[in-house]
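Asks: Pasting a structure below so you can have a look.
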Amino acid sequence: MIEFTFWDIVRNLLLAARWTVLLSLAAFIGGGIVGMIVLFFRIAKNTWSRRLASGYIALFQGTPLLMQLFLMFFGLPMLGLRIEPWTAAVLGLTFFASAYLAEIWRSGVDALPAGQWDAGASLGLHYLQELRLIILPQAFSITRAPTVGFLVQLIKSTALTSIIGFEELVRTSNAINNATFEPFKVYGLVALIFFAMCFPLTQYARSLEKRAAH
Amino acid sequence: MAFAWLPGAAGDIARGAATTILLIAVTTLAGTFLSILGAAGRRNGPVLLKRAIAIYVEIVRNTPFLVQLFFIFFGLPSLGIRLDPMLAAMLAMTLNMAAYTIEIVGAGLDAVPVGQTEAALSLGLRPRQVFIKIVLPQALKVIFPALTSQIVIMMLESAVVSQIAVRELTYEADMLQARTFRSFETYLVVTIVYLVLSMALRRLLVSGGRRALGAGVS
């Protein structure tokens with residue numbers, strides 16, 4: 001058995017937390033980009049395009065994230081791609097995030113009065129200009145609180161990537177726990193680190209919500 | 001892709017799905033009950049209780065379910081509380097769900113006009129009767145869609161309890177893929193089972209809610 005002092009445990013956990021942060025950011029940015037594409041399909045005038053996007057969203061919201069990660073991890077090698085836990089984790093969380101973000105932003109687009117579209121058209125703007133100049137800025141602005149709220153959910157979801165072997169906070173804590181046999185302390189600290197990352201964002205989302213309500 | 005293993009595995013998958021259904025059924029009942037107590041306590045209880053409930057809600061909502069599960073299953077034994085995997089999973093799921101539904105039920109309670117309580121009190125009903133017979137049914141009706149979503153989310157999240165060796169659907173999938181070496185196909189089939197379960201659960205809850213709480217539940 002290796003001797004770990006309290007500070008050894010804390011230091012190792014904080015070092016591992018960097019990967020949790022990095023993964024969350026990568027998935028949030030990737031999810032935002034893919035989510036925008038899904039959003040375009042979701043709000044298009046073509047019925048089939050809307051149906052396709054709805055199906056995509058329902059698929060990701062109706063299955064466990066853990067299964068999505070497993071399918072990514074075991075499925076991509078079948079397509080001949082060599083895949084490591086990091087790639088599977090980023091791709092899995094990106095698609096997961098894209099479905100949720102597209103749905104959040106879609107609710108923002110739906111909340112705008114039809115007059116906004118009409119006004120844009122009457123100014124001679126074409127569809128993409130309307131979206132870029134009038135619809136999307138307003139839709140993003142009114143859905144800022146749920147978007148930040150989803151970021152919290154995403155950070156918590158990164159814990160699942162420990163199961164497919166990605167070395168983030170939870171996987172490192174499992175290893176430390178196996179060496180120290182102090183699960184109460186180790187998992188308590190892990191919870192504390194996650195709390196320190198998520199709670200400020202939760203409070204921020206709450207303040208955005210309050211500001212929107214007034 | 002090859003699915004020759006599937007007929008022989010149907011029994012295992014069905015058994016795993018049954019355990020998942022059992023888990024979510026227990027969690028739904030216990031979690032809803034706990035969140036009604038929590039939401040009522042947060043509004044009418046003593047200051048200390050209110051504060052304790054608020055802290056509990058914040059801690060659970062800002063940490064991953066997987067960590068909560070590990071803390072309960074691996075961490076609590078060092079305090080002398082040893083739970084078997086099934087019980088630990090039920091406890092973790094219930095405590096997790098309640099933290100989300102306390103807020104939901106609370107919003108429902110706030111949505112019932114005060115006049116309802118005043119009218120019931122003036123008819124001579126006792127405060128407890130007023131809460132159970134007048135306020136709660138109306139509150140549940142308002143929040144039923146949100147409650148339904150939370151229950152479905154919890155069912156999907158329950159895949160994680162395979163990590164403490166509860167023999168539910170994901171655990172059976174892990175065992176199957178280790179035996180058949182058909183990882184992708186196994187997880188694909190089980191993902192479809194989860195999809196069907198979540199759609200069926202949503203439909204069941206909506207129709208059950210309509211029957212229990214009357215029309216207007218969507």
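Every number here is computed from the coordinates shown, using simple stated rules; none is lab data. Only a predicted model underlies this, so the values are computations on that prediction, with no experimental measurement involved. All Cβ positions, even for glycine, are placed from backbone atoms using ideal geometry, and neighbour counts span all protein chains on display.
Asks: Sort chain B into rounded, prolate or oblate with this rule: let a ≥ b ≥ c be the square roots of the eigenvalues of the Cα gyration tensor; rounded if a/c is under 1.5, and if a/c is not under 1.5, prolate when a/b is larger than b/c, oblate otherwise. Working shown, then result.
Replies: Working: a/c = 3.22, a/b = 1.73, b/c = 1.87.
Oblate, since a/c reaches 1.5 and b/c is not below a/b.
Asks: Further question on the same structure: Which value, in debye to the nearest 20, gives the size of the charge dipole of region A:6-213 about its Cα centre, when Lys and Arg are +1 and Asp and Glu are -1 at the Cβ? Could the numbers behind the result be given before it?
Replies: Details: 16 positive and 10 negative charges, 52 e Å.
Result for region A:6-213 is approximately 260 debye, rounded to the nearest 20.
Asks: Applying a 10 Å radius around every beta-carbon, put A:38-49, A:96-107 in order of their mean neighbour count, most first. Show your work: numbers first, answer last.
Replies: Values: A:38-49: 15.2, A:96-107: 22.5.
Ranking the peptides A:38-49, A:96-107 by packing returns A:96-107, A:38-49.
Asks: Springs between alpha-carbon atoms under 10 Å, Gaussian network over chain B: tell me which of B:L195, B:L156, B:L69 tops the mean-square fluctuations.
Replies: Taking springs between Cα atoms under 10 Å, the residue moving most is B:L195.
Asks: Please list, in order along region A:118-135, the HN-Hα scalar couplings obtained from phi with the Karplus expression 6.51 cos²θ - 1.76 cosθ + 1.60 (θ = phi - 60°), rounded to whole Hz, x for Gly and Pro.
Replies: 4, 4, x, 5, 5, 7, x, 7, 8, 3, 5, 5, 4, 4, 6, 8, 10, 6
Asks: Let me ask something else about it. Can you give the FRET efficiency for B:A119 and A:T47, using 1/(1 + (r/R0)^6), R0 = 41 Å, r = Cβ-Cβ distance, to the nearest 0.05?
Replies: 0.25
Asks: Next up: According to a simple spin-label model (label point 7 Å from Cα along Cα-to-Cβ), what is the distance in nm between B:M199 and B:A107?
Replies: 2.7 nm
Asks: In nm², what is the average projected area of the convex hull enclosing the Cα atoms of the protein assembly as shown? Intermediate results must be reported in sequence, preceding the final value.
Replies: Values: hull surface 102.3 nm².
Quarter of the Cα hull surface area: 25.6 nm².
Asks: Apply the membrane-span-like helix rule to chain B: whole DSSP H runs, Cα extent along the own long axis of at least 30 Å, mean Kyte-Doolittle hydropathy at least -0.5. List the helices found. Display every interim value, and only then the final one.
Replies: Working: long enough: B:6-44 (55 Å, 0.90); B:85-111 (39 Å, 1.22); B:183-213 (44 Å, 1.02).
Span-like helices in chain B: B:6-44, B:85-111, B:183-213.
Asks: Let me ask something else. With r as the distance between the Cβ atoms of A:F184 and B:F181 and R0 = 35 Å, compute the FRET efficiency 1/(1 + (r/R0)^6) and round to 0.05.
Replies: On the way: r = 38 Å, r/R0 = 1.08.
With R0 = 35 Å, the Cβ-Cβ based efficiency is 0.40.
Asks: So what is the 222 nm mean residue ellipticity for the protein assembly as shown from helices alone, if each DSSP H run of at least 4 adds -39500 (n - 2.57) and you divide by all residues, rounding to the nearest 500 deg cm²/dmol? If you can, show how the numbers build up before the last one.
Replies: Numbers: 18 runs with 328 residues, N = 432.
Taken over the protein assembly as shown, the calculation gives -26000 deg cm²/dmol.
Asks: Shielding by partners for A:197-205, please: the mean number of other protein chain Cβ atoms within 10 Å of each residue's Cβ.
Replies: Details: counts 2, 5, 5, 1, 1, 3, 2, 0, 0.
Taking the mean over all residues of the peptide, I get 2.
Asks: Going by how many other Cβ atoms sit within 10 Å of their own, how do A:W19, A:W7 line up, fewest first? List each step's numbers first, then the result.
Replies: Numbers: A:W19 19, A:W7 8.
Going from least to most buried by this count: A:W7, A:W19.
Asks: Right, something else. So for region B:126-218, Kirkwood radius off the Cα pairs, Stokes-Einstein at 10 °C and 1.306 mPa s: how many µm² s⁻¹?
Replies: Details: Rh = 15.7 Å.
D = 101 µm²/s.
Asks: Here's another thing I want to ask about it. For chain B, with a Gaussian network of springs between Cα atoms less than 10 Å apart, report the residue from B:E103, B:E58, B:E168 with the top mean-square fluctuation.
Replies: Largest GNM mean-square fluctuation: B:E58.
Asks: OK, next. Within a 10 angstrom radius of each residue's Cβ in B:183-192, how many Cβ atoms of other chains show up on average? Whole number is fine. Show your work: numbers first, answer last.
Replies: On the way: counts 7, 9, 3, 2, 10, 5, 0, 5, 9, 2.
The per-residue average across the peptide is 5.
Asks: Okay, moving on. Could you check the simple spin-label distance between B:L87 and B:A212, using points 7 Å along Cα→Cβ, in nm with one decimal?
Replies: It works out to 2.6 nm between the two label points.
Asks: For A:L59 and A:F6 in the same chain, what is the full-extension length gain: residue separation times 0.36 nm, less their Cα-Cα distance, in nm? Walk me through the numbers on the way to the answer.
Replies: Values: separation 53, 0.36 × 53 = 19.08 nm, distance 4.35 nm.
Length gained, A:L59 through A:F6: 14.7 nm.
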